[in-house]
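Derivation of every value follows stated rules applied to the coordinates shown; laboratory data play no part. Computed from a predicted model, the values in this text were never measured in an experiment. Neighbour counts run over all protein chains shown; Cβ positions are idealised from the backbone, glycine included.
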Amino acid sequence: MIKIDNNFLGAGIACLAGVGIAAINYAVARFILKKYPDQYAVGQLIRQVLQIGYLLLLYFAGAYLPWDRVWLLVGGALGLTLLMPLFTYRLLKLNGSGKEDGSDG
């Protein structure tokens, strides 16, 4: 087995995989908002299970990988949250929530 002492590589790989999971979560949320907007809360549960499952996978697989678990978890969490502002903006734009209703005065 190849021993890799550089934990930044493991964190980078975990970060890239986290970005992929975040993109999948965005696609799920976008699909639900377009097709079934009244079921958006259920979509949030699906997205949460994906995120927690990914972090648990990193934690338990970290014992078998050549990198430190902490670096893997930091990279994974960073990957999951790095594009969150962009995805949130795009979902709000899709939903049309950027305009406030002036009738609640």
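Once the convex hull of the alpha carbons of region 39-98 is built, what does its volume come to per residue, in cubic angstrom?
76
Write out the chymotrypsin sites (Phe, Trp or Tyr not before Pro) in region 12-105 meeting two conditions: DSSP loop, and at most 10 other Cβ atoms within 10 Å of their Cβ.
Answer in residue order: Tyr64.
Give the longest segment of the chain that steers clear of trypsin sites (Lys or Arg not before Pro) in DSSP loops with at most 11 neighbouring Cβ atoms within 10 Å, not counting the sites themselves.
Counting only loop sites that pass the neighbour cut-off, the longest clear stretch is 4-98.
Under a point-charge model restricted to the Cβ atoms of Lys and Arg (+1) and Asp and Glu (-1), what is the dipole moment magnitude of the chain relative to its Cα centre, in debye to the nearest 20?
Values: 9 positive and 6 negative charges, 62 e Å.
Here the chain has a charge dipole of around 300 debye.
Could you give me the ³J(HN,Hα) list for region 9-19, computed from phi with Karplus coefficients 6.51, -1.76, 1.60 and θ = phi - 60°, whole Hz, x at Gly and Pro?
5, x, 5, x, 5, 5, 5, 5, 5, x, 5
Using θ = phi - 60° and the Karplus relation 6.51 cos²θ - 1.76 cosθ + 1.60, list the HN-Hα couplings for region 68-80 in order, rounded to whole Hz, with x at every Gly or Pro.
Here the 3J(HN,Hα) series is 6, 4, 4, 5, 5, 5, 5, x, x, 5, 5, x, 5 Hz.
Would you mind calculating the gained length between Gln48 and Leu33 on full extension (0.36 nm times residue separation, minus the Cα-Cα distance), in nm to one decimal?
3.8 nm
Note the full-extension length gain between Tyr40 and Leu92 as 0.36 nm times their separation in residues minus their Cα-Cα distance, in nm to one decimal. Numbers along the way, then the final one.
Numbers: separation 52, 0.36 × 52 = 18.72 nm, distance 1.30 nm.
Additional length available on full extension: 17.4 nm.
Can you work out ³J(HN,Hα) from phi for every residue in region 45-50, in order, using Karplus 6.51 cos²θ - 1.76 cosθ + 1.60 and θ = phi - 60°, giving whole Hz and x for Gly and Pro?
With coefficients 6.51, -1.76 and 1.60, one gets 5, 4, 5, 5, 4, 4 Hz.
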